[in-house]
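Scroll down for the structure; my scribbles are underneath it.
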Amino acid sequence: LLLYKESAVHNLITYSVGRQCPLLCPHAAACYHTHSDGANSDLLLLEKNKDAMKEMKAVVVDMGTDYFRCGFAGDPWPFYIVSSTAGKSTQETGSNQKETFVRRELQSSSIPLTLANPIRHSIVVDWNCTEMKIQPEDHAFPGSVPPLCSITDKERYAEMMFKGFHMPAIDIAYQSQLSMYSYRKTSALVVESGHGVSHVVPICEGYVICSITERVDYAGLDITHYLMKLLNESGNVFTEHQLNIVQDIKEKCCYTSLDLTQDLNGHLITAGKERFLCAETLFKPALLGSQQPGLLQLTLSWLKKCYGNVNKKMVENILLCGGSTMMEGFANHFQMELAKMCPSDNLITATLRQRMSSVWIGGSILASLHSFQVYRTEYEEHGPSCLFKKCL
């Protein structure tokens, strides 16, 4: 019993104001406790809500700019990975006719459609394109928002979950937090590059330090466009309608060069220098016409800003997350350049093989604890203010 207690306490980790989460030890959930403002009635209501949540499986959805990842809490991997592209009818439809088409409906539709993406820079901009194939009122929902997300977007998110889908409970975390949880960490410098946007996010003992979080508006989609430009300059003819083909080429053939000069002067030119030149955009965004710093410069500048114990925790836990960091050689190149720039520091870059789904995996871990922070009854009584007191 003593060994179990010590193990449970050791694995309890703080991830938000007034709550603790045993991410490293599922059995430690028994040690979970909630702080309240002191009213016994509120505690009783919270306990009843928590008991109700344990009887239903939470639905975990990572709404990425390129793909939606969906599954149930506690699972190690998303059950569905589907394109976030939706089709909207270009002609007038009757009141009972469908206007928005998703997934297989896009191929089977007999009416002309305009393709649209309801997600922009990891933020939902068109909720009319989202739908659920389950009964949402039967499932709690752990949601995620990007770092530096506006208050308006967070409030809209909660409004859609409670008023639009009638979900019984939600929890909202920053995507970078969830990515960090997939690494079983509580403090880290998360270097994240997905499809639409990239971030460098410091997290100390579960708290996102938003004041020094950095965001740049280039990511995987920009790499794909740059690859298309390079291929067209080499005599190919790709258009915007064939962007999915170019993306497939990028994912299957491209890599990050560890020695750009050697690769440019070597035999790889005959195999297509575009294979490694496109990946340079994450290190040299000037190739895209952007004046923003590269991910490496962002990381180094942040490390220079931070001192003391926080800096020590970050230096030893630099986590690469997001699909764009999955490109072959990226992690090695990133680590090599960091070591070159800071030879006296022991900078440690960590990678997970499944980091393309790191946000979803972190959400699955969080939701499996049944520690949902905002219930529909609270939202109906207090409005969005309860969201910021308990989640973000």
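The values are calculated or read from the model by the stated rules, or taken from the named source; none is laboratory data. Bear in mind that the values here come from a model prediction, so they are computed numbers and not experimental data. Cβ coordinates were reconstructed from backbone atoms using ideal geometry, including for glycine residues, and neighbour counts include every protein chain displayed. Each accessible area value is taken on the protein alone, full model and side chains, heavy atoms only, with ligands, DNA and RNA left out. Shrake-Rupley method; radii C 1.70, N 1.55, O 1.52, S 1.80 Å.
Data overview
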read-out	value
Qualifying residue in the stretch 222-229 (condition: of a type in the set (Asp, Glu), modelled with pLDDT under 90 and farther than 20 Å from residue 302 by Cβ)	no
Residue in the stretch 152-162 that is assigned to a loop (DSSP other than H, G, I, E, B), small (Gly, Ala, Ser) and either modelled with pLDDT of 75 or more or open to solvent by 70 Å² or more (accessible area, probe 1.4 Å) (or both) present	no
Residue selected from the stretch 169-194 under the condition touching a His at 6+ places or on another chain (Cβ under 9 Å) and not in a strand (DSSP E or B), by the criterion least open to solvent (accessible area, probe 1.4 Å)	176
Cβ-Cβ under 6 Å pairs, at least 6 apart or on other chains, the stretch 183-205 side farther than 26 Å from residue 119 by Cα, far side not in a loop (DSSP other than H, G, I, E, B)	186/13; 187/204; 187/313; 188/180; 188/203; 188/319; 204/310; 205/14
Residue in the stretch 282-337 that is surrounded by the most Cβ atoms within 10 Å (Cβ to Cβ), counting only those that are small (Gly, Ala, Ser) and at negative phi	324
Condition broken by residue 68, with the remaining ones in (1) surrounded by 15 or more Cβ atoms within 10 Å (Cβ to Cβ); (2) modelled with pLDDT of 85 or more; (3) assigned to a loop (DSSP other than H, G, I, E, B); (4) not small (Gly, Ala, Ser) satisfied	(3)
Among (1) touching a Phe, Trp or Tyr at 6+ places or on another chain (Cβ under 8 Å); (2) surrounded by fewer than 21 Cβ atoms within 10 Å (Cβ to Cβ); (3) of a type outside the set (D, E, K, R), the one test that residue 362 misses	(2)
Selected residue (criterion: farthest from residue 319 (Cα to Cα)) from residues of the stretch 210-232 that are of a type in the set (Val, Ile, Thr) and touching a residue at least 60 places away in the same chain (Cβ under 8 Å)	223
Matching residues, the stretch 378-389, being more than 14 Å from residue 153 (Cα to Cα) and either open to solvent by less than 50 Å² (accessible area, probe 1.4 Å) or touching a helix residue (DSSP H, G or I) at 6+ places or on another chain (Cβ under 7 Å) (or both)	378, 379, 383, 386
Filter result for residue 354 (among the polar types (S, T, N, Q), farther than 28 Å from residue 251 by Cα, open to solvent by 10 Å² or more (accessible area, probe 1.4 Å) and under 22 Å from the mean Cα position of the chain (by Cα))	no
Selection from the stretch 210-220 of residues that are in a helix (DSSP H, G or I) and surrounded by 18 or more Cβ atoms within 10 Å (Cβ to Cβ)	220
Complete set of residues in the stretch 339-373 that are hydroxyl-bearing (Ser, Thr, Tyr) and over 28 Å from residue 167 (Cα atoms)	344, 349, 351
Failed item in (1) part of a loop (DSSP other than H, G, I, E, B); (2) under 30 Å from residue 142 (Cα atoms); (3) in contact (Cβ under 8 Å) with a residue 60 or more places away in the chain, with residue 290 passing the rest	(2)
